[in-house]
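The structure appears right after this line, and notes come after that.
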Amino acid sequence: MSKRIGMEIALATAEAVALCRPDVIAAYPITPNTHIPEHLSDIVAEGRLDAEFICVESEHSAMSACAGASGTGARAFTATSSQGLLYMYEVLGIVSSMRLPVVMAIGNRAISGPINIWNDHSDIMTMRDLGWLSLFAANGQEAVDMIIQAFKIAEDPAVQLPINVNLDGFQLTHMVEALFLPDEKEVDRFLPRRKPYAALHPDHPVTMGALGMPDIFTEATKARDQALVDSKKVILKVWKEWEKQFGRRYEPIEAYKTKGADVVMMTMGSMGETAEIAVDELRREGVPVGLLKLKLWRPFPFEEMKKAVRGVKTLIVTDRCCSLGGPGGPLAAEVRSALYAEAERPAIENVLIGLGGRDVTVNDFKQMFRQAGKSRGIYEFYGVRG
Amino acid sequence: MMSTAKPISIVENFEIYAPKLVDKEEFFCSGHRACQGCGEALAIRLMCKALGKDTVIANATGCMEVIATPYPATAWTLPWIHVAFPCAAAVGAGVEAGLKVLRRKGVNPDRYIKTVTIGGDGGTVDIGLQALSGAMERGHDMLYVCFDNEAYMNTGIQRSSATPFGASTTTAPAGKASIGNKTWKKNVPEIMVAHNIPYVATASPSYPIDFMNKVKKARAIQGPAYIHCLSVCPTGWRAKSEECIKLGRLAVETGVFPLYEVENGVYRLTVETPDPLRPVTDYIKAQGRFRHLTPDEIRTIQRRVNLEYRKLMNKVEHSLSWTE
């Protein structure tokens, strides 16, 4: 039986990782993800988890050690944020190219500069094109569930790709929430031991990480892209299985009161919870608004996106990140390209909000809804101080 | 009746005995794309023979990764992983941890497998030094072997912090206003000794039995070990490819690169050097990278070599084991 507990989300995330029985954890401290590896090291120290915990000297080494461990067939986990993610950047694409199912929690945080340790999504957006699967949690329960789902998805024989689970720094990592922590036996039933397609061992030697010259690089890239596209089937299958076993439903885009809504907001991560309250309040006032919460960032759910906005007049896409000198926010750019070929599509407005830890309140969402249809240009920064 | 013939010396009859001392099985196979006379490819082949089958190799980006694994070909019959340039020691650390835990949990057979990490001088003494220091400090059960050819040869002979003083490289070229490389070679074996690891050695494929003995010794150690192998690069050193082995010997005989080991703090010369040392000119003259040096500049190098050699001999004569 799952037990309902009140726990800081970072610690609950670590408990979820431990339930997955990782073999190797390699991590380096950086705010705000730090409580995850800290708590995991506690769990190992208490003897509750049999794993090698490597206190590496950098995030570059954290991801590299995960690559080496995963290469032996071990289940490997790490966690990071912001500058740490950038520091391991070089290794990220290699891990996906080598089809190593490493699982990483990212306590999302702004990228310097100026230096800022608080939440936005500019860290994860830098790695969107590196071949990792990417999930976004809106609350602690989702963070816990997604961690366990992540191992199963990543290690599926048809997937064999690394995956990251995003939880907003501080807004989620440092929040105490009431949540269900699944039972160990239930997780064992859901998540069997990893069966690697190849492993570093002299009984069956393999060469991992060979040189790809121009005659195969295009084919290798196409194969990687196809692997990500195809992974969606497995993700949906795993989510169905999860719902059946644990009773909580997951879908790439979760719709909230979008029926009959003229104006719909789109969020990723923890803002979705606040936006729901704004939708409730406006609905009570008779304003037909709705909300879409994106949970699957990579592979991007193009088909679900098209379906989700049918009949919607205006779609406000929020982005906690700015593609500097580019099209505004990366999520909006993705949504626009997903809908470009559609004969009927909503007007898309893009609001950059909640950057570097700036709070986004219920009133902010109501204000954004009220301003719908008043031209914002391609994108706008919300609430800029004069 | 007693024989009056002198006993046959192994050293004098090396050609007769050497094949019997070396395993015939190849783990780093021919057909790879190394340059003619590559000291590094030879050293790796010897290293693998000394390590044997139960080994996993983690390889930094560099010549050896490029020449040995152009997909779909591979020269490796040992399990081998390459991730990136600066992080081979961290990859090796992950491999070591993975093998340890999978054996402990009964997933892998109950048999000891050695993790060996290899890299060039760039991937070890420059961009990989942090990962190397971290892995050694944490005490992973791993042998790290640096194959030092004294510059970034894979990208075209750019200087590294292992490049010797006075060598002309493509980023430290000799010219009217430049002697070439202006810095002295970084002493990474000594940095490894400072990590208090149980075994550190220098080696050279020009002394194959010495090198292989060191690899075997390092393999047997449960803990971190480091071997720094001078790997002559005829291409980058502007030397004749058939002189690879000779240059390696000259490096030792001139005292430029003495062969020693440090076992639990005790320094020992493993290959005797001539007394007095051969002049460094013998080593320098055979290499195009030093061609521009004046007699005065060569004297500066000679003084430094003498000093470094004296420093080493002080340790050889006075070091005590820290385990006793």
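Only the coordinates and a few stated rules stand behind these numbers; no lab work does. Keep in mind that this is a model prediction, so the values were computed, not measured. Cβ coordinates were reconstructed from backbone atoms using ideal geometry, including for glycine residues, and neighbour counts include every protein chain displayed.
Extending 7 Å from Cα along the Cβ direction at residue B:182 and again at residue B:242 yields two label points whose distance is 4.0 nm. Multiplying the residue separation of residue B:269 and residue B:158 by 0.36 nm and subtracting their alpha-carbon distance yields 36.8 nm. Estimated translational diffusion coefficient (Stokes-Einstein, Kirkwood radius over Cα pairs, 37 °C, 0.692 mPa s) of the protein assembly as shown: 117 µm² per second.
Could you tell me which chymotrypsin sites (Phe, Trp or Tyr not before Pro) in the range A:304-386 are loop residues by DSSP with no more than 14 other beta carbons within 10 angstrom of their beta carbon?
Answer in residue order: A:340.
If you build the convex hull over the alpha carbons only and average its shadow over all orientations, what do you get for the range A:2-83? Give it in nm² to one decimal. Over all viewing directions, the range A:2-83 projects a mean Cα-hull area of 5.6 nm². The Cα trace of the range B:24-318 gives Rg and Dmax of 18.6, 65 Å, the first to one decimal, the second as a whole number. Legend: mean number of C-beta atoms from other chains within 10 angstrom of residue C-beta atoms, peptide A:130-138, equals 0.
Rounded to two decimals, the Cα-based Rg/Rh of chain A, with Kirkwood Rh, is 0.96.
Size check on the range A:199-335: the Cα extents along the three principal axes, sorted descending, read 68, 45, 24 Å. Under 5 Å between amide hydrogens, built in the peptide plane, is the criterion, and for residue B:149 it picks out B:121, B:231 among residues at least 5 positions away or on other chains.
The GluC sites (Glu not before Pro) of the range A:295-384 meeting both criteria, a DSSP state outside H, G, I, E and B (loop) and at most 12 other C-beta atoms within 10 angstrom of the site's C-beta, are A:342, A:344. Our summary gives the range A:3-246 a relative contact order of 24 percent, counting only alpha carbon pairs under 8 angstrom and 6 or more residues apart.
When the Cα convex hull of the range A:180-237 is projected onto planes of every orientation, the mean area is 6.9 nm². Considering only beta bridges that DSSP places wholly inside the range B:24-318, some 30 percent are antiparallel.
Which FRET efficiency value, to the nearest 0.05, is calculated for residue B:21 and residue A:112 with the Förster distance at 51 angstrom and r the Cβ-Cβ distance? In this case the efficiency is close to 0.35.
Could you give the size of the charge dipole of chain A about its Cα centre, using +1 on the Cβ of each K and R and -1 on the Cβ of each D and E, expressed in debye and rounded to the nearest 20? About 1200 debye.
Calculate the FRET efficiency for residue B:36 and residue A:229 from the Cβ-Cβ distance with a Förster distance of 45 Å, rounded to the nearest 0.05.
Numbers: r = 46 Å, r/R0 = 1.02.
Plugging the Cβ-Cβ distance into 1/(1 + (r/R0)^6) gives 0.45.
Each of B:149, B:83, B:262 was scored by the projection of its Cα onto the charge dipole of the protein assembly as shown, and the greatest displacement toward the positive side belongs to B:149; charges sit on the C-beta of Lys, Arg, Asp and Glu.
The distance from the alpha carbon centre of the range B:218-265 to that of the range A:1-21 is 52 Å, rounded to a whole number.
Do you know the relative contact order of the range A:190-344, to the nearest whole percent, from alpha carbon pairs under 8 angstrom that are 6+ apart? Each step should come with its number before you reach the end.
Working: 159 pairs, mean separation 31.2, N = 155.
The value is 20 percent.
Taking the centroid of alpha carbons for each part, the range A:29-69 and the range B:153-196 are 36 Å apart.
Partner aspartates and glutamates whose Cα lies under 14 Å from the Cα of residue B:186, excluding those fewer than 8 positions away in the same chain, are identified as B:121, B:126, B:148, B:150, B:308.
Near the amide H of residue B:58, within less than 5 Å, lie the amide hydrogens of B:81, B:116, B:117, B:118, all on another chain or at least 5 residues away, with H placed in the peptide plane. Take every DSSP beta bridge whose two residues both sit in the range A:253-381; close to 20 percent of them are antiparallel.
Put simply, the C-alpha atoms of the range A:279-386 give a gyration tensor, and the ellipsoid matching it has half-axes of 21, 19, 13 Å, longest first. Rg to Rh ratio, the range B:59-202, alpha-carbon atoms and Kirkwood radius? That ratio is 1.05, to two decimals.
Compared with the direct C-alpha span, the chain from residue A:381 to residue A:313 gains 22.3 nm at full extension, assuming 0.36 nm per residue. For the cross-link pairs A:222/A:313; B:49/B:240; A:195/A:222; A:3/A:195; B:53/B:185, the ones whose C-alpha atoms lie over 31 Å apart are A:222/A:313; B:53/B:185. Using the Karplus relation 6.51 cos²θ - 1.76 cosθ + 1.60 with θ = phi - 60°, the per-residue 3J(HN,Hα) values for the range A:158-173 come to 7, 10, 6, 9, x, 9, 10, 10, 9, 10, 4, x, 6, 3, 10, 3 Hz, with x marking Gly and Pro. Of the trypsin sites (Lys or Arg not before Pro) found in the range B:163-213, those that fall in a DSSP loop while having at most 12 other beta-carbon atoms within 10 Å are B:176, B:182.
Distance from the C-alpha centroid of the range A:234-296 to that of the range A:325-386: 17 Å, rounded to the whole angstrom. Highest mobility in the GNM of chain A, judged by mean-square fluctuation with C-alpha springs under 10 Å and restricted to A:231, A:323, A:270, is found for A:323.
DSSP beta bridges fully contained in the range A:3-246 are about 25 percent antiparallel. Note on residue A:307: aspartates and glutamates with a C-alpha under 14 Å away, same-chain residues under 8 apart excluded, are A:251, A:254, A:342, A:344.
For residue A:54, the residues 5 or more places off, or on other chains, whose built amide H falls under 5 Å of its own are A:25, A:26, A:27.
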